[in-house]
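One structure below.
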Amino acid sequence: MLLLNDHLKARFGCKVYKIALNGNFTCPNRDGTLGTGGCIFCSAGGSGEFASDPALSVSDQIEEGKALLKDKIGDRECKYIAYFQAYTGTYAPIGRLKALYTEAVEHPDIVALSIATRPDCLSDEVLELLSRINDIKPVWVELGLQTIHERTADYIRRGYGLNVYDEAVKKLSDRGIEVITHVILGLPGESLSDMTETVKYVCNSPVSGIKLQLLHVLKGTDLAREYEEGRVRVLSEDEYIDILKECVKIIPERIVIHRLTGDGDKKLLIAPLWSADKKHVRNRIQKEVLNYGDGK
Ligand code: SF4
């Protein structure tokens, strides 16, 4: 299995950190184009709680991100990935996208640009722009698929069909742009086989990476209301570890595993509360999932 840190070290020759940026985007699932409520689990910050202040320029956001990492890094050599994380990172006029992306990749410490977006927000002109930026520095597009199952996709109000995801992955990979697909584990109503089917499907598509995230119930979301009304449940820690074990068995070596946990904001987290102890969860994943099958 290939984990992100190892992949980045081998690819860029040093430790590489992601800096979460905020391009002040919105999302068609929130601005009324497709809907106003957003995906059922999405927080008011558009899944970008750790992203920087959008009032700052991209360069200033990068410097701020570097400063926040300074204590952790010390004197070690390292590089950074500019990550447009909040909301839909390709959903803005093309001139603005060009300015934001260009400023990010022109920063000397940035080795790649990563953009979180929706597969239905990749027009031909956006794809063309991403191709041009990809000629300067690697561009990764992170797609929030979450599930391949249409009934769950309807329930979470994802707002696009699986065919839209398939087309987007094809168009991006045909252009040499790397795709990282986000999958949520523990979505209401999904069985273990539903989740492993999603992971299998993603691994059979031309993606370069996968992010597995635990479903978090966050304050202010419609999912929180359903949870508080007792209509949905969340995974226990043991269940999550067992699901992860099955999922990582499916992921081939060529696909980089970007994440095996959730990364929700503790201040917003309602459930599952065990996931707030990130160190403990990481240790269990390290011991029980990553060494799984090695006899360690
Ligand atoms: S597409 Fe992303 S930003 Fe938009 S509502 Fe869904 S999770 Fe939030």
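The values are calculated or read from the model by the stated rules, or taken from the named source; none is laboratory data. Source: prediction; values computed, not measured. Note that each Cβ is placed from the backbone with ideal geometry, even for glycine, and that neighbours are counted across all protein chains shown.
Values computed for the structure shown
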item	result
Boolean, ILE40 is at pLDDT 95 or above, in contact with an Asp or Glu (Cβ under 7 Å, 6 or more places away or on another chain), within 11 Å of the ligand (Cβ to nearest atom) and hydrophobic (A, V, I, L, M, F, W, C)	yes
Condition check for ASP194: surrounded by fewer than 20 Cβ atoms within 10 Å (Cβ to Cβ), more than 16 Å from the ligand (Cβ to nearest atom) and farther than 25 Å from ASN29 by Cα	no
Every residue from the stretch 213-247 that is under 13 Å from MET195 (Cβ atoms), of a type in the set (A, V, I, L, M, F, W, C) and in a strand (DSSP E or B)	LEU214
Some residue of the stretch 8-26 being assigned to a helix (DSSP H, G or I) and modelled with pLDDT under 95	no
Residue, surrounded by the most Cβ atoms within 10 Å (Cβ to Cβ), within the stretch 51-88, restricted to residues that are in a strand (DSSP E or B) and away from the ligand (no atom under 16 Å from the Cβ)	ALA82
Members of the stretch 167-212 that are part of a loop (DSSP other than H, G, I, E, B) and either touching a Cys at 6+ places or on another chain (Cβ under 7 Å) or of a type outside the set (D, E, K, R) (or both)	GLY176, ILE177, GLY186, LEU187, PRO188, GLY189, SER191, ASN204, SER205, PRO206, VAL207, SER208
Matching option when the condition is away from the ligand (no atom under 16 Å from the Cβ), surrounded by 16 or more Cβ atoms within 10 Å (Cβ to Cβ) and β-branched (Val, Ile, Thr), among VAL111, VAL183	VAL111
LEU97 vs. criteria over 15 Å from the mean Cα position of the chain (by Cα), surrounded by 14 or more Cβ atoms within 10 Å (Cβ to Cβ) and not β-branched (Val, Ile, Thr)	yes
Every pair of residues 6+ apart whose Cβ atoms lie under 7 Å, when the first sits in the stretch 150-178 and is closer than 23 Å to THR36 by Cα and without any contact (Cβ under 8 Å) to a residue 24 or more places away in the chain while the second is among the hydrophobic types (A, V, I, L, M, F, W, C) and more than 14 Å from the ligand (Cβ to nearest atom)	GLU150/LEU162; LEU162/ILE148
